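Visitor: Before anything else, here's the structure in question.
The values are calculated or read from the model by the stated rules, or taken from the named source; none is laboratory data. Nothing here was measured: the structure is a model prediction, and the numbers come from that model. Here Cβ is always computed from backbone atoms with ideal geometry, including for glycine, and neighbour counts include all displayed protein chains.
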Amino acid sequence: MRFLLAVLIALAGPASAQDYPAKPIHLIVPFPPGGGTDLFSRAIAAKLSDALHWSLVVDNKSGAGGNLGIEAAVKAPADGYTMVMGQTSNLAVNPALYRKLRYDPIRDLTPVMLIASAPIVIVVSENSPYRSLGDIIAAAKEKPGRITLATPGNGTVSHLSAVLLQRAAGIELVHVPYKGAAQALPDLMGGQVDLFSSSVSSSIGQIKGGKLRAIAVTSAKRSPALPEVPTVAQSGYPGFDADTWYGLLMPAGAPSAIVQRVNAEVNRLLLLPDLRERIGAEGGEALGGTPQRFAALLASDLAKWGKAVRQSGAKVD
């Protein structure tokens with residue numbers, strides 16, 4: 001009887017993956033609509049719907065630097081019908097930044113695949129007097145503690161990159177954390193804050209539309225979406241390099257056959273020119289790859305950003 005039961009279970013695994021999805025998939029986005037995480041999530045959801053007729057319900061659960069959305073995913077059933085679009089901030093930075101975190105990204109989540117990467121860009125409003133990183137640093141030294149810097153929230157890569165830049169430049173900015181880019185951008189354009197550190201995808205529309213001026217990107221090389229914008233390294237700080245990645249994960253214990261099915265289907269979609277162009281138009285670079293590649297990057301970035309957090313002295317209660 002036990003042998004028969006084992007055979008039936010073994011046969012059920014591949015069949016369930018082949019029949020997947022038999023119901024809508026819940027895709028949690030840990031940030032509000034309008035930001036980079038949301039844009040990439042909806043691009044993938046739309047393509048899965050159009051190309052494969054999969055039904056995905058995108059659910060924005062923002063708060064606590066992306067932690068609340070990750071917590072919701074961790075607590076969900078590990079049946080393959082809940083995914084979350086994690087990113088560098090809530091998976092690699094927050095474990096070192098937050099004193100009390102209710103999840104362990106290695107223990108509590110199953111990597112499915114990387115989706116995209118994107119640099120951080122420092123932007124000002126079209127009416128700002130600042131036209132270069134040098135202008136900002138000079139003003140910050142002249143008026144210490146008076147220039148305000150908005151970010152999409154405590155613990156985001158945008159926040160930590162700005163902390164590292166301040167340490168490198170020897171300046172002090174007033175941090176103004178928001179719940180996401182969609183909330184910060186109107187205040188930046190309205191003059192309530194001076195600067196915004198943001199993913200390129202969150203602000204590229206306003207940059208292209210002339211509402212924002214891009215000062216510098218934080219990656220080692222210039223962004224293909226903003227080729228005219230210099231890097232922080234090119235602006236006087238050699239070696240400065242900080243970008244963010246986005247990837248799909250499921251709760252720990254998700255069926256491996258379903259993980260592989262989603263991985264295979266999304267990898268195929270990421271090869272399509274229209275999806276790659278859409279990701280590129282939002283300032284990102286399509287990635288893809290195996291769950292193992294994602295797991296290895298997560299492990300290495302936990303060490304990298306953990307060290308950066310400790311060096312910066314940043315902490316969030």
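Visitor: Residues being modelled with pLDDT of 95 or more and not in a strand (DSSP E or B): count how many of those fall in the stretch 147-160.
Guide: Counting residues in the stretch 147-160 that are modelled with pLDDT of 95 or more and not in a strand (DSSP E or B) gives 1.
Visitor: Say whether the condition of being modelled with pLDDT under 90, of a type in the set (S, T, N, Q), over 16 Å from S41 (Cα atoms) and assigned to a helix (DSSP H, G or I) is met by at least one residue in the stretch 258-277.
Guide: no
Visitor: Report the residue count in the stretch 260-317 for those that are farther than 22 Å from D241 by Cα, among the small types (G, A, S) and either outside the structural domain of P105 (by TED's automatic domain parsing) or touching a residue at least 60 places away in the same chain (Cβ under 8 Å) (or both).
Guide: Residues flagged as farther than 22 Å from D241 by Cα, among the small types (G, A, S) and either outside the structural domain of P105 (by TED's automatic domain parsing) or touching a residue at least 60 places away in the same chain (Cβ under 8 Å) (or both) within the stretch 260-317 amount to 1.
Visitor: Only residues that are buried (at least 22 other Cβ atoms within 10 Å of the Cβ) and polar (S, T, N, Q): list them for the stretch 33-54, please.
Guide: Those that are buried (at least 22 other Cβ atoms within 10 Å of the Cβ) and polar (S, T, N, Q): T37, S41.
Visitor: For the stretch 200-224, how many residues are small (G, A, S) and within 23 Å of P238 (Cβ to Cβ)?
Guide: The qualifying residues number 5.
Visitor: What's the number of the condition K47 fails, among (1) in contact with a Phe, Trp or Tyr (Cβ under 9 Å, 6 or more places away or on another chain); (2) outside any strand (DSSP E or B)?
Guide: (1)
Visitor: Would you mention how many residues in the stretch 77-129 are part of a loop (DSSP other than H, G, I, E, B) and not hydroxyl-bearing (S, T, Y)?
Guide: The number of residues fulfilling the criteria is 16.
Visitor: Hey, among the residues in the stretch 78-128 that are surrounded by fewer than 24 Cβ atoms within 10 Å (Cβ to Cβ) and of a type in the set (V, I, T), which one's nearest to D59 (Cα to Cα)?
Guide: Of everything passing the filter in the stretch 78-128, T82 is nearest to D59 (Cα to Cα).
Visitor: Right, another one. Criterion first (farther than 13 Å from L195 by Cβ, at pLDDT below 90 and charged (D, E, K, R)) does R102 satisfy it?
Guide: Spelling it out, it is not the case that R102 is farther than 13 Å from L195 by Cβ, at pLDDT below 90 and charged (D, E, K, R).
Visitor: Against the conditions (1) part of a strand (DSSP E or B); (2) among the hydrophobic types (A, V, I, L, M, F, W, C); (3) surrounded by 18 or more Cβ atoms within 10 Å (Cβ to Cβ), where does V58 fall short? Just the number, please.
Guide: (3)
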